[in-house]
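Read-outs: derived from the displayed coordinates by stated rules, not from any lab. None of these values were measured; they are calculated from a predicted model. Here the Cβ positions follow ideal geometry from the backbone for every residue, glycine too, while neighbour counts run over all protein chains shown.
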Amino acid sequence: MKLIDSHVMMESLGVMDLEAMAAAGISALIADGAGGMDYATSAQAALNYYEHTLVGETRRAADYFIDVYVILGINMNAVPADYEKILEALPEYLNRDRVVGVGEIGLEPKSGTCPDLSKQEKILRTELRMAKEHNKTAVLHLPATERSDWIARYLELVDEAGLERGKVVIVHADASTTRIITDAGCIAEISVLPMRRITPEDAARIVAESDMNRVLVSSDSRIRHRSDPLGVPRTALQMKKLGLKEEDITGVLYNNPRRVFNLI
């Protein structure tokens with residue numbers, strides 16, 4: 001069975017992780033090129049991380065027969081003072097091979113680098129417009145509190161940008177928000193991660209109760225929190241235990257990300 005992990009930070013994955021992921025059936029990763037901006041203090045540092053993800057990490061994963069595709073944007077938790085330079089460079093990056101989306105972007109009320117939500121929204125509007133212009137998927141961060149309100153605001157901004165809702169992924173969905181997201185016509189991504197309090201068993205149950213054409217699953221592997229790089233194959237096993245057919249498991253964990261990120 002082929003699988004795709006729909007959201008990882010590549011710097012969190014060591015050699016043994018990549019080997020285990022390949023052995024478990026993962027054939028592709030969607031790498032968050034904005035995730036490493038947690039460490040960026042300037043636009044240039046962020047652009048350097050983009051390059052590292054697009055070139056170095058793609059080559060590293062290829063040694064394990066894993067394809068890496070990349071999403072890029074300004075991480076709302078790490079907005080450098082000269083962020084405009086990133087926005088200026090982003091259109092060129094969106095024309096690069098293997099760049100399949102704008103993300104992880106969005107709004108975060110607890111941002112330590114940009115507490116001004118109006119500024120965050122200004123950045124997000126620009127990024128959504130670029131996603132529309134370049135026919136890329138937009139990957140939006142869902143804050144931990146007042147989640148339905150944030151989803152409603154995202155829908156307003158997505159519609160304002162003229163972006164097709166089927167090209168919008170809202171990450172960190174859970175049992176309380178997945179249905180809201182999918183009913184709105186967007187894609188809900190379930191992050192199987194201890195800090196999100198989502199186990200593979202939880203993810204499998206959420207998937208089984210959802211519109212399986214509009215759900216993705218990821219490990220959301222990251223370096224600053226305990227992660228499980230095998231979150232996706234473990235979810236596949238739990239889906240099988242629930243009695244889901246193999247075609248449904250493959251549909252959610254392989255075909256959906258291929259379609260949503262236009263990998264076909």
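The alpha-carbon positions of region 110-166 define a convex hull whose volume is 87 Å³ per residue. Database remark: amide H of Gly106 closer than 5 angstrom to the amide H of Met76, His141 (H placed geometrically; neighbours at sequence offset of 5 or more, or on other chains; Pro and chain starts carry no H).
Here the alpha carbons of region 199-264 define both size measures, Rg and Dmax, at 11.9, 35 Å.
Considering only Asp183, Asp220, Asp174, the mean-square fluctuation computed in a Gaussian network model of the chain, springs between alpha carbons under 10 angstrom, is largest for Asp183. Each part reduced to its alpha carbon centroid, region 1-74 and region 97-134 end up 19 Å apart. Measuring between alpha carbons in the structure, the pairs from Lys85/Lys167; Lys167/Lys245; Lys136/Lys245; Lys167/Lys240; Lys2/Lys240; Lys110/Lys167 lying more than 22 angstrom apart are Lys85/Lys167; Lys167/Lys245; Lys136/Lys245; Lys167/Lys240; Lys110/Lys167.
Springs between Cα atoms under 10 Å define the GNM used for the chain, and in it the highest mean-square fluctuation of Arg197, Arg59, Arg205 occurs at Arg197. Couplings 3J(HN,Hα) for region 231-248, derived from phi with the Karplus relation 6.51 cos²θ - 1.76 cosθ + 1.60 (θ = phi - 60°), are x, 6, x, 5, 5, 4, 4, 5, 5, 5, 5, 6, x, 5, 6, 4, 5, 6 Hz, where x marks Gly and Pro.
Building the convex hull from the alpha-carbon atoms of region 3-260 and averaging its projection over directions returns 11.8 nm². Here the dipole of the chain is about 340 debye; that uses its Cα centre as origin and unit charges on the Cβ of Lys and Arg (positive) and Asp and Glu (negative). Compared with the direct C-alpha span, the chain from Thr41 to Arg59 gains 3.9 nm at full extension, assuming 0.36 nm per residue.
All other residues whose Cβ lies under 14 angstrom from that of Asp67 are scored, Lys and Arg at +1 and Asp and Glu at -1, for a net of +1. Distance from the Cα centroid of region 140-174 to that of region 198-264 is 20 Å (rounded to whole angstrom).
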